[in-house]
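One structure below.
What follows is calculated from the coordinates using simple rules that are stated; it is not laboratory data. Every value quoted in this text rests on a predicted model; they were computed, and no experiment measured them. Note that we place each Cβ from the backbone using ideal geometry, even for glycine, and neighbour counts take in every protein chain shown.
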Amino acid sequence: MRWILVTAAIFGASSVIIGAALRHLGGNMDMDVLQTALRYHQLYSSVLLALGLYALNKPLSKRTIIPAVLFTSGILIFSGSLYAMAVFNMSALGQLAPVGGLCFIAGWLSIAFIRPSKLKDNGT
């Protein structure tokens with residue numbers, strides 16, 4: 001499931017770019033809101049990376065696709081709405097943040113259904 005790793009890498013790189021741009025641009029933006037958006041963006045990029053590494057050599061499964069889609073949606077909706085709210089002064093978009101938060105929660109809960117692979121005892 002290489003697409004999870006690619007998504008994680010794109011989100012990770014974009015979080016660094018956004019963080020650097022915000023630090024240099026400053027301006028009249030709400031920095032507390034931006035920091036929250038950036039923190040969740042970076043955290044869930046790392047979570048996606050871990051999930052992608054877990055799924056790398058496994059067959060296609062709802063048990064990895066579902067949390068990956070939920071975490072991806074969470075980043076886009078939660079962090080995206082906070083970025084838009086702070087940068088473009090679009091306070092109405094802040095109302096979408098809880099939907100993104102629910103995606104994060106649902107992603108974590110869906111992981112409860114991922115069973116680790118059984119380890120083979122090779123006698124060593």
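Working note: Karplus 6.51/-1.76/1.60 with θ = phi - 60° gives region 21-28 the couplings 4, 5, 5, 7, 7, x, x, 8 Hz, where Gly and Pro are set to x. Working note: Karplus 6.51/-1.76/1.60 with θ = phi - 60° gives region 106-111 the couplings 4, x, 5, 5, 5, 5 Hz, where Gly and Pro are set to x. Each peptide in 8-19, 51-62 was scored by the mean count of other Cβ atoms within 10 Å over its residues; highest first, the order is 8-19, 51-62.
Taking a ≥ b ≥ c as the square roots of the eigenvalues of the alpha carbon gyration tensor, region 2-111 is oblate, as a/c is not under 1.5 and a/b does not beat b/c.
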